[in-house]
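J.: My questions will all concern the structure given below.
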Amino acid sequence: MPNHVFTLLYRFVFVAILTIALIILDHRTTYFDWTRSLLSNINTPFNTVLTVPVRMGTFFADYWPNETLRQRVEFLEIENQQLLAKVQKYDALEVEKNRLLVLFSASQARGDVSIKMARIIRTELQGPYDQRIVIDHGSRDQVKLYQPVIDSNGVIGQLSKISYNHSVVTVITDASHATPVEVLRNGLRAVARGTGSSQVLSIPFLSFQADIEVGDVLVTSGLGEVFPAGYPVAEVVSIQGLAGEPFLSIEARPFAEMNKVKNILLLDQPLLVRETAPPVDVEMFENARPDSAAADESPEPVESTEPTESGPQAVQAQ
Amino acid sequence: MNTAKIHYERVPSWGYIGMTMLIAVLLTVVPVPEAIQYYWPDWITLVVFYWVLVLPAHLGVMFGWINGLIEDVITFSLLGQHALGKALIGTLAAIGHKKFRLFNFLQKIFLIFILQSINIAISAWTNHLAYGAPVFMQMWQPALTTALMWPVVSFLIDQLDPRYG
């Protein structure tokens, strides 16, 4: 072989070793988080370019109000009226609930959730493990890691990477994401696991005796301390019991339409205190789970609150 | 369209190379409909392959690696996940440039299909090792579309070069 081929091969082997080291370090440790955060700023011009059509659309719509726009305004006014009416009812319910909580001397009443509105810059729903949405809020807007993200229909996901002026939402349909849910009808607790398709969530580990039906609404259960309780997540669309399988195979369709929404809401829950939360005994969970083989092959990022060597947090922190 | 007529002896400006890289990155992150997202070509591979064939003495391993790293940052992947495959493409293209230059466009399409398949395999295996992500056939569909886009992309990069002919 000629000389230059060897030079190239040596160079490649050198680069390959460095790159593999980089991958391992980036996956296993947090050394590169700041580098990534810094490098991530090269996204800014691309984000600006990519949102040009949207912004131009808004710009022109402002100057040429048309029939659709008027209809939209009317629709929004009506909707606003209805929402205001609902909120009044909610206020009354809140008072009622607090009264009851005091009555039952509950340890703590949940505080109000403050809401921030953000705009979606980019959606990446390509691969099963790349179900992400990029939003225009970053550390300059005081957003926090793992902050829950919803839209007007339901839960979208949680913040997994934060840069100065944008951040990345890992959506609930990402295959590495699991959302603690409960059935609204009867409070049956379950886990909604992402499948990698933006239309499907799977509900594992429910036995044949479980009281769940097609059409059941799943809401967040508040376990896992990421999502506040009571937000709608998905609707059960199919339940299959295969002979020989220990559990039902259940599919649910998320309420949030990841590829259609433009604006999302960032929840800031006062209860969300990750820094002070006690470390979760991951092994205890692993042993308690009925199907340990399935548990091994996909860790659930939502459940843990402390960074662990190999597991949930590694997926989230990347 | 006879794409075998790429002007390999020209000296392109670095600005033009940078511009094609920029457009490739932009095309990588542009939102595409869900129906075609598993067919969306890897534009960065095409640009890397093209420029390494034109300037094999200057561009090779590091050119591919840097392009891959940019892709990693821009798609929020693990740092190095795409860089490794792209560096391999740069290396192989630089090693075989004398042969590859003489290939007709059908042979080049086949070559790019192979290279891109390896690239996707590296990226998929990295994801599999890191997160236990499943590896399935659909992931290799972009290799086909990437290869089929080669005549168009090489023709455009040729024709739009201000120093061409």
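J.: For residues that are facing chain A (nearest Cβ under 9 Å) and open to solvent by 10 Å² or more (accessible area, probe 1.4 Å), scanning just segment B:57-72, find the one that is farthest from A:VAL171 (Cα to Cα).
T.: B:ALA57
J.: Moving to a separate point now. Can you report the number of residues in segment A:37-49 which are surrounded by 15 or more Cβ atoms within 10 Å (Cβ to Cβ) and in contact with a helix residue (DSSP H, G or I) (Cβ under 7 Å, 6 or more places away or on another chain)?
T.: Looking only at that region, the number is 4.
J.: If you check A:THR179 against the conditions, is it in a strand (DSSP E or B) and within 14 Å of another protein chain (Cβ to nearest Cβ)?
T.: The answer is no for A:THR179.
J.: Looking at A:TYR129, A:TYR146 in this structure, which one is of a type in the set (Phe, Trp, Tyr) and modelled with pLDDT of 85 or more?
T.: Sole residue among the options that is of a type in the set (Phe, Trp, Tyr) and modelled with pLDDT of 85 or more: A:TYR146.
J.: Would you call B:GLY85 more than 8 Å from every other protein chain (Cβ to nearest Cβ) and closer than 14 Å to A:LEU8 by Cα?
T.: So B:GLY85 fails the test.
J.: Suppose we keep only residues that are more than 9 Å from every other protein chain (Cβ to nearest Cβ), part of a loop (DSSP other than H, G, I, E, B) and not hydrophobic (A, V, I, L, M, F, W, C) within segment B:123-165. Which one would you say is least open to solvent (accessible area, probe 1.4 Å)?
T.: B:ASP161
J.: So, in segment A:22-60, how many residues would count as being more than 10 Å from chain B (Cβ to nearest Cβ), among the charged types (D, E, K, R) and under 22 Å from B:SER123 (Cα atoms)?
T.: The qualifying residues number 1.
J.: So which residues in segment B:87-145 are more than 15 Å from the chain's Cα centre (by Cα) and of a type in the set (Lys, Arg)?
T.: Selection gives B:LYS98, B:LYS99, B:ARG101.
J.: Applying the selection to segment A:146-174, what residues are over 11 Å from the mean Cα position of the chain (by Cα), closer than 28 Å to A:PRO204 by Cα and within 14 Å of chain B (Cβ to nearest Cβ)?
T.: A:LYS161
J.: While we're on this one: Return the residue satisfying two criteria in turn: it lies in segment A:21-32 and is touching a residue at least 40 places away in the same chain (Cβ under 8 Å) and under 11 Å from B:LEU78 (Cα atoms), and of such residues it is surrounded by the fewest Cβ atoms within 10 Å (Cβ to Cβ).
T.: Only one residue fits best here, namely A:ARG28.
J.: State whether one or more residues within segment B:112-135 are under 13 Å from B:TYR50 (Cβ atoms) and of a type outside the set (Ser, Thr, Tyr).
T.: Yes.
J.: Every residue in segment A:67-97 that is among the hydroxyl-bearing types (Ser, Thr, Tyr) and under 28 Å from the mean Cα position of the chain (by Cα), please.
T.: Within segment A:67-97, A:TYR90 is the sole residue that qualifies.
J.: So, restricting to helices (runs of 4 or more DSSP H) that lie completely within segment A:1-54, which ones have at least 3 residues that are among the aromatic types (Phe, Trp, Tyr)?
T.: Where helices (runs of 4 or more DSSP H) fall fully within segment A:1-54 and carry at least 3 residues being among the aromatic types (Phe, Trp, Tyr), they are A:3-28.
J.: Hey, does segment B:89-101 have a residue that's more than 14 Å from every other protein chain (Cβ to nearest Cβ), touching a residue at least 24 places away in the same chain (Cβ under 8 Å) and surrounded by fewer than 24 Cβ atoms within 10 Å (Cβ to Cβ)?
T.: So far as segment B:89-101 goes, yes, one or more of its residues are more than 14 Å from every other protein chain (Cβ to nearest Cβ), touching a residue at least 24 places away in the same chain (Cβ under 8 Å) and surrounded by fewer than 24 Cβ atoms within 10 Å (Cβ to Cβ).
J.: Of the conditions (1) under 17 Å from A:ASP268 (Cα atoms); (2) assigned to a strand (DSSP E or B); (3) more than 16 Å from the chain's Cα centre (by Cα), A:LYS116 clears all except one; give me its number.
T.: Condition not satisfied by A:LYS116: (3).
J.: Would segment B:32-46 turn up any residue that is among the acidic types (Asp, Glu), assigned to a helix (DSSP H, G or I) and more than 8 Å from chain A (Cβ to nearest Cβ)?
T.: no
J.: Next up: Please give the number of the condition B:GLY80 fails out of (1) at pLDDT 90 or above; (2) at the interface with chain A (Cβ under 8 Å from one of its Cβ atoms); (3) open to solvent by 20 Å² or more (accessible area, probe 1.4 Å); (4) within 19 Å of A:SER40 (Cβ to Cβ).
T.: Here B:GLY80 clears every test but (3).
The values are calculated or read from the model by the stated rules, or taken from the named source; none is laboratory data. In this text, all values refer to a predicted model and were calculated from it rather than measured experimentally. Glycine gets a Cβ as well: all are built from the backbone with ideal geometry, and neighbour counts include every protein chain shown. Heads up: the accessible areas ignore ligands, DNA and RNA and are worked out on the full protein's heavy atoms, side chains in. Shrake-Rupley method; radii C 1.70, N 1.55, O 1.52, S 1.80 Å.
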